[in-house]
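Visitor: Okay, here's the structure, questions in a sec.
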Amino acid sequence: MSTAELWLSVALMAVICFVTTAQIAIRHVSRAQLVDKLEKSGREHWPDRLSAHRDELFFCTSVVRIGAILALVLVVARFYGIEAAPSPTVQYLAVFVTAAFLLTVSGVTLPSAWARYGGSGFLSWTLPI
């Protein structure tokens with residue numbers, strides 16, 4: 001794996017983690033905590049915007065997440081050097097297991113913990129994005 005492929009993998013995992021955290025935090029955030037954090041930073045109108053555009057945010061973050069996941073799977077497949085072969089079963093299995101592990105960490109475990117314990121802070125920090 002080249003250095004560029006390594007950094008691309010790290011960047012894709014960071015995107016997956018960030019977008020998944022946003023999805024979970026939007027779904028489970030305490031409105032009172034969010035309003036409190038946003039008022040401290042002078043952005044009182046953001047909770048209303050979040051509520052008004054909630055469905056669009058879910059759709060957009062889902063599209064970005066799926067694209068990043070597919071790109072990560074392609075990078076992992078390239079890492080294992082999958083080529084047309086009579087029986088690439090072991091290579092496909094290795095790609096599946098590796099991608100599943102990386103996606104579980106960056107797409108489920110880290111975002112769930114981040115959203116649960118810092119969801120309102122995460123949303124107050126990322127809402128301008």
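The values are calculated or read from the model by the stated rules, or taken from the named source; none is laboratory data. Because the structure is a prediction, the values reported are computed rather than measured. Cβ atoms come from the backbone with ideal geometry, glycine included; neighbour counts cover every protein chain shown.
Visitor: From the list 38, 72, which one is of a type in the set (A, V, I, L, M), touching a Phe, Trp or Tyr at 6+ places or on another chain (Cβ under 8 Å) and touching a residue at least 40 places away in the same chain (Cβ under 8 Å)?
Guide: Just a single option satisfies the conditions, and that option is 38.
Visitor: Test each condition in (1) farther than 24 Å from residue 2 by Cα; (2) at pLDDT 85 or above; (3) surrounded by 15 or more Cβ atoms within 10 Å (Cβ to Cβ) for residue 73 and report the one that comes out false.
Guide: (1) is the only condition that residue 73 fails.
Visitor: Considering only residues that are under 19 Å from residue 27 (Cα atoms) and surrounded by fewer than 15 Cβ atoms within 10 Å (Cβ to Cβ), which ones fall in region 42-56? Don't jump to the end; show me each part of the working.
Guide: Taking region 42-56 and keeping what is under 19 Å from residue 27 (Cα atoms), we get 45-56.
Those that are under 19 Å from residue 27 (Cα atoms) and surrounded by fewer than 15 Cβ atoms within 10 Å (Cβ to Cβ): 45, 48, 49, 51, 52, 53, 54, 55, 56.
Visitor: Is it true that residue 66 is modelled with pLDDT of 80 or more, aliphatic (A, V, I, L, M) and out of contact with any Asp or Glu (no Cβ under 6 Å at 6 or more places or on another chain)?
Guide: Judged against the criteria, residue 66 is a match.
Visitor: Are any residues in region 1-35 touching a Pro at 6+ places or on another chain (Cβ under 9 Å), among the β-branched types (Val, Ile, Thr) and in contact (Cβ under 8 Å) with a residue 40 or more places away in the chain, and if so, which ones?
Guide: Listed by number, the residues that qualify are 16, 19, 20, 21, 24.
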